[in-house]
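Trainee: Here it is: the structure, laid out below.
The values are calculated or read from the model by the stated rules, or taken from the named source; none is laboratory data. Only a predicted model underlies this, so the values are computations on that prediction, with no experimental measurement involved. Note that each Cβ is placed from the backbone with ideal geometry, even for glycine, and that neighbours are counted across all protein chains shown. Each accessible area value is taken on the protein alone, full model and side chains, heavy atoms only, with ligands, DNA and RNA left out. Shrake-Rupley method; radii C 1.70, N 1.55, O 1.52, S 1.80 Å.
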Amino acid sequence: MIDTHSHIYLEQFDEDRNEVMKRAVDAGITDIYMPAIDLDSIAQMANLEYEGIAFHKMAGLHPCDVGEELEKDFYGSLMHWVEQPDILGVGETGLDYYWSTDHIDNQKTSLRLHCKAARESNKPVIIHNRESTSDMLDIIEEEQDGSLKGIWHCYNGTVDEGKRAIDLGLHLGIGGVVTFKNGGVDKTVTELPLDKMVLETDAPYLSPAPNRGKRNEPSFMKYTAEKLAELFGLSLDELDKKTSDTACILFDKPII
Ligand SMILES: [Zn+2]
């Protein structure tokens, strides 16, 4: 299985990262895609290795870390990283009106800059979205010139919003929220095409049931995968194959 969104490089895993990785291998995780949060993230990702798991780096500036120095930060460091061949995606970027509405204009500018970098590098943009769905989709619509691809990470919208995102060229990242009884995602995903979905954890955040509230880790993705398989009436292997193939195509990797 491919975890398309995991912050395994963060300090929350410093104490027991090897045990976390062992459990990931035991759970069938083969690939972990790591979205950056800020300009330090890439260095934190640099030395991660564990036998049986391929780690993939991405570069970006989280909307909650967008500051006044945005354009200088972005063009000074981030574009340099995005152009590197071992950086496979651009993000995470996006909009977050839940944590702060102080820097909305900066967040929007940042999202547009990430979209531009994604188009120019032909790599997917990874989009965080919280209480900002219509603004996010409006920007994607404006930025889409036919070449932009990406993931609405931790998709939790309505059916119509999911359809609009897919029409705009996005894939949907399905995380632990699909296992939440009151999350709503379990009701909407079955109205949307499975071939536009990829699996993710967002570790250490958003742990699926039955570990809701605990630190999330890649091995817990099996609960999300099992739930999605059940909703679509597929075996776990079938669900894994479909979502993994989709992730490989999106990130321009050979199908495993
Ligand atoms: Zn994230």
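Trainee: Please go through the residue pairs 108/181; 149/196; 22/123; 22/187; 196/241; 123/227 and name each one whose alpha carbons sit more than 22 Å apart in this structure.
Mentor: Over 22 Å Cα-Cα: 108/181; 22/123; 22/187; 123/227.
Trainee: Of the residues 143, 226, 51, which exhibits the maximal mean-square fluctuation in a Gaussian network model of the chain defined by a 10 Å Cα contact cut-off?
Mentor: Result: 51 has the largest fluctuation of those listed.
Trainee: With a 1.4 Å probe and all protein chains in place, put 232, 180 in order of accessible area, largest first.
Mentor: Listed by decreasing accessible area, they come as 232, 180.
Trainee: How large is ³J(HN,Hα), in whole Hz, for each residue of the range 138-153 in order, when computed from phi with the Karplus curve 6.51 cos²θ - 1.76 cosθ + 1.60 and θ = phi - 60°, using x for Gly and Pro?
Mentor: 4, 5, 4, 4, 5, 7, 6, 10, x, 10, 7, 10, x, 10, 7, 6
Trainee: Let me ask something additional. With all protein chains present and a 1.4 Å probe, how do 152, 81 order by accessible area, largest first?
Mentor: Per-residue accessible area, sorted high to low, gives 81, 152.
Trainee: Over the heavy atoms of residue 133, what accessible area does a 1.4 Å probe trace out, to the nearest 10 Å²?
Mentor: 20 Å²
Trainee: For the range 29-42, what does the Karplus curve 6.51 cos²θ - 1.76 cosθ + 1.60, with θ = phi - 60°, yield as ³J(HN,Hα) per residue in whole Hz, taken in order and with x for Gly and Pro?
Mentor: 6, 10, 9, 10, 9, 10, x, 7, 10, 9, 6, 8, 4, 4
Trainee: Continuing with the same structure: Using the Cβ atoms and a cut-off under 13 Å, what net charge is assigned to the surroundings of residue 140, where Lys and Arg are +1 and Asp and Glu are -1?
Mentor: The answer is -2.
Trainee: I've got another one for you. Provide 6, 147 ordered by accessible surface of protein heavy atoms (probe 1.4 Å), highest first.
Mentor: 147, 6
Trainee: At 222 nm, what helix-only mean residue ellipticity would the chain give, in deg cm²/dmol to the nearest 500, using -39500 (n - 2.57) for each DSSP H run of four or more?
Mentor: Helix-only estimate at 222 nm: -10000 deg cm²/dmol.
Trainee: Residue 26: accessible area at probe 1.4 Å, nearest 10 Å²?
Mentor: About 110 Å², ignoring ligands and nucleic acids.
Trainee: Which residue, chosen from 247, 121, 95, occupies the Cα position most advanced towards the positive end of the dipole of the chain, where the dipole is computed from +1 (Lys, Arg) and -1 (Asp, Glu) charges on Cβ about the Cα centre?
Mentor: Of the listed residues, the answer is 247.
Trainee: At a probe size of 1.4 Å, how large is the accessible area of residue 71, to the nearest 10 Å²?
Mentor: Spelled out: residue 71, probe radius 1.4 Å, area about 100 Å².
Trainee: Amide H to amide H under 5 Å from residue 94: which residues, 5+ apart in sequence or cross-chain, H placed 1.01 Å off N in plane?
Mentor: Amide H neighbours of residue 94: 111, 128.
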